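The values are calculated or read from the model by the stated rules, or taken from the named source; none is laboratory data. Since the structure is predicted, the reported quantities are computational estimates derived from the model, not experimental observations. Cβ placement follows ideal geometry from the backbone for every residue including glycine, while neighbour counts extend to all protein chains displayed. Only protein heavy atoms, including side chains, enter the accessible area calculation; ligands, DNA and RNA are left aside. Shrake-Rupley method; radii C 1.70, N 1.55, O 1.52, S 1.80 Å.
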Amino acid sequence: MAATSLLPKSISHFLTNPPSLPSTTTTSKLSFLNPPHDQPQCCTKRPNLLTVHLKKKNPWLDPFDDGPDPDMEYGSLFTDGKQEEDPRPPDNPDNPYGFLKFPKAFNVEIAGLALKVRGDVRRCCCMVAGGVYENLLFFPTIQLIKDRYPGVQVDVVASPRGKQTYEMNKNVRWADAYDLDDDFPEPRVYTDFVGILKNRYYDMVLSTKLAGIGHASFIFMTSAEHKACYVYPNVNSAGAGLFLSETFTAETTNLSDGGYHMYNQMVDWLGKPFRSVPRQPLPPLKYSLSKKIKEVVEAKYRNAGAERGKYVVIHGIESDSQASMQSRGDTDSLLPLRVWAKIAKGIRDLTPVFVIPHERERENVEDIVGYDASIVFITTPAQLAALINDSAGLIATNTAAIQLATAREKPSIGLFCSEEKAKIFVPNAEEKRCTIIASKTGKLIDIDVEAVKNAIKFVNVSLALV
């Protein structure tokens, strides 16, 4: 009798549709047929049911999935609250093969149940496309994952240049170099990396690369329970949703156009409230520096004739080097040396330190600025962060240096080609002790050098007061 009473409930949506639901769904899909004031008012009567149907993950995977059952009663096991730390015993330090080498955080009896009921995530893989800038701005998202899922192990897949960024992130266990932006990878590299990811038993795989059916199938082969990825905003995304459990449609074909909050859709999904767990807020950008890196960088700027706390870092010299750490797609974010030479003349009582991304730029700096100029050759983001950390301030264009300075609240001057771009990449600049100087013509080369010099004087006064 119990089975008979449950049968009509389980298939009621399939056999007989409620009168309000089809009209609501139809008008939401065909809203262009009716003006907004003519739409039915059933949205306010049944908000919970409507939300479930409109935000269904992927209707193509299961056409009979009506979302969670509102009458479902859960027990006390793995239902409320966040997951707990991994109860697995530590590895035996005397045994090179470890102790009970099951996949870490994996128990055959209970792991699947907690993953299904509460959505526990013990191992997470983040595929971050782009260079240093994009990977640096992904740091708050990684911290959000660590706060939302206590005890989770986070691994990262990034480009060889982007992998260098995770030298400053203690939340990442492994960082693997793999070029996600390569549309035609070598078959041996592709299949080998699929095997590596599959053998790590990930519970969640996140990707910031805009996916078509090719990249979506790559994520699908990892066999993770949760597969979330950005997809193209055009026809190139056709078929990608069949292989993913959650998709985020990018606003443009270049995700970096979103600036500091370029990952806001993924962040909103990761931090969503769940039963008794409230919404997880996004933490600010933070990074850590090792003692060894600080010592190496200190030796570099001392050899250049600078002293700790008595120099200003200049970053954003025009160069074709990949170590310029620009935002992807931002072609107007570097200034020629002749402009930097004029700006450096306005610095008083502090030593301007020019950061060059390649050794061939050293001769150019000496010819234009002078042979007594302080020049430091730096290509990794960790060394650049250590250089900024020991400085009195920073003058930079829209490169990763401006984000490294604002994260430590170092006095900085940001040079941008427009006010709109400055607001996108450095929101709340005053709170972060960043002075924005924008070009009035929309081209960075036309920036007002006198305005930059006046901003330098203001920064010098504030430093003297401190």
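Which count do you get for residues in the stretch 127-151 that are open to solvent by less than 10 Å² (accessible area, probe 1.4 Å), more than 21 Å from Ser333 (Cα to Cα) and free of Cβ contacts under 8 Å to residues at least 40 places away in the same chain?
1
Is there a residue being buried (at least 20 other Cβ atoms within 10 Å of the Cβ), touching a Phe, Trp or Tyr at 6+ places or on another chain (Cβ under 8 Å) and of a type outside the set (Phe, Trp, Tyr) anywhere in the stretch 192-206?
Taking every residue of the stretch 192-206 in turn, none turns out to be buried (at least 20 other Cβ atoms within 10 Å of the Cβ), touching a Phe, Trp or Tyr at 6+ places or on another chain (Cβ under 8 Å) and of a type outside the set (Phe, Trp, Tyr).
Of all residues in the stretch 116-175, which are small (Gly, Ala, Ser) and over 19 Å from Phe78 (Cα atoms)? Steps first, please.
Keep residues of the stretch 116-175 that are small (Gly, Ala, Ser), which gives 119, 129-131, 151, 158-159, 162, 175.
Correct list: Ala129, Gly130, Gly131, Ala158, Ser159, Gly162, Ala175.
Out of all the residues in the stretch 291-324, which are open to solvent by less than 10 Å² (accessible area, probe 1.4 Å) and in a loop (DSSP other than H, G, I, E, B)?
Ala306, Gly316
From the list Lys423, Lys443, Lys410, pick out the single residue that is open to solvent by 10 Å² or more (accessible area, probe 1.4 Å), touching a helix residue (DSSP H, G or I) at 6+ places or on another chain (Cβ under 9 Å) and either more than 25 Å from Glu298 (Cα to Cα) or among the polar types (S, T, N, Q) (or both).
Lys423
Please go through the stretch 385-400 and pick out each residue that is assigned to a helix (DSSP H, G or I) and out of contact with any helix residue (DSSP H, G or I) (no Cβ under 6 Å at 6 or more places or on another chain).
Within the stretch 385-400, Asn389 is the sole residue that qualifies.
Restricting to the stretch 111-126, count the residues that are crowded, with 24+ Cβ neighbours inside 10 Å and on the phi > 0 side of the Ramachandran plot.
Of the residues in the stretch 111-126, 0 are crowded, with 24+ Cβ neighbours inside 10 Å and on the phi > 0 side of the Ramachandran plot.
State which residue is nearest to Leu334 (Cα to Cα) when the search covers only the stretch 401-441 and only residues that are polar (S, T, N, Q) and assigned to a helix (DSSP H, G or I).
Applying the filter and picking the extreme gives Gln403.
For the stretch 138-161, name all the residues that are in a helix (DSSP H, G or I), more than 18 Å from Gln265 (Cα to Cα) and either in contact with a helix residue (DSSP H, G or I) (Cβ under 8 Å, 6 or more places away or on another chain) or polar (S, T, N, Q) (or both).
Answer for the stretch 138-161, where residues must be in a helix (DSSP H, G or I), more than 18 Å from Gln265 (Cα to Cα) and either in contact with a helix residue (DSSP H, G or I) (Cβ under 8 Å, 6 or more places away or on another chain) or polar (S, T, N, Q) (or both): just Arg161.
Give the stretch 206-262 a look and list any residue that's among the hydroxyl-bearing types (Ser, Thr, Tyr) and free of Cβ contacts under 8 Å to residues at least 24 places away in the same chain, or say none.
Of the stretch 206-262, the ones among the hydroxyl-bearing types (Ser, Thr, Tyr) are 207-208, 217, 222-223, 230, 232, 237, 245, 247, 249, 252-253, 256, 260.
Once the filter is applied, which keeps residues that are among the hydroxyl-bearing types (Ser, Thr, Tyr) and free of Cβ contacts under 8 Å to residues at least 24 places away in the same chain, the stretch 206-262 yields Tyr232, Thr249, Thr252.
Considering only the stretch 163-177, state which residues are open to solvent by less than 20 Å² (accessible area, probe 1.4 Å) and more than 20 Å from Leu270 (Cβ to Cβ).
Met168
Filter the stretch 240-254 for residues that are surrounded by 15 or more Cβ atoms within 10 Å (Cβ to Cβ) and out of contact with any Ser or Thr (no Cβ under 6 Å at 6 or more places or on another chain) and give the result.
Once the filter is applied, which keeps residues that are surrounded by 15 or more Cβ atoms within 10 Å (Cβ to Cβ) and out of contact with any Ser or Thr (no Cβ under 6 Å at 6 or more places or on another chain), the stretch 240-254 yields Ala240, Leu244, Ser245, Glu246, Thr247, Phe248, Ala250, Asn254.
When residues of the stretch 362-372 are filtered for being within 16 Å of Glu318 (Cβ to Cβ) and either open to solvent by less than 20 Å² (accessible area, probe 1.4 Å) or assigned to a loop (DSSP other than H, G, I, E, B) (or both), how many remain?
2
Failed condition for Leu282, given (1) open to solvent by less than 30 Å² (accessible area, probe 1.4 Å); (2) among the aliphatic types (A, V, I, L, M); (3) not assigned by the TED database to the domain that holds Asn169, with all others met?
(1)
Only one of these is more than 20 Å from Val426 (Cα to Cα) and crowded, with 20+ Cβ neighbours inside 10 Å: Leu404, Leu387, Leu394, Leu350. Name it.
Exactly one of Leu404, Leu387, Leu394, Leu350 is more than 20 Å from Val426 (Cα to Cα) and crowded, with 20+ Cβ neighbours inside 10 Å, namely Leu387.
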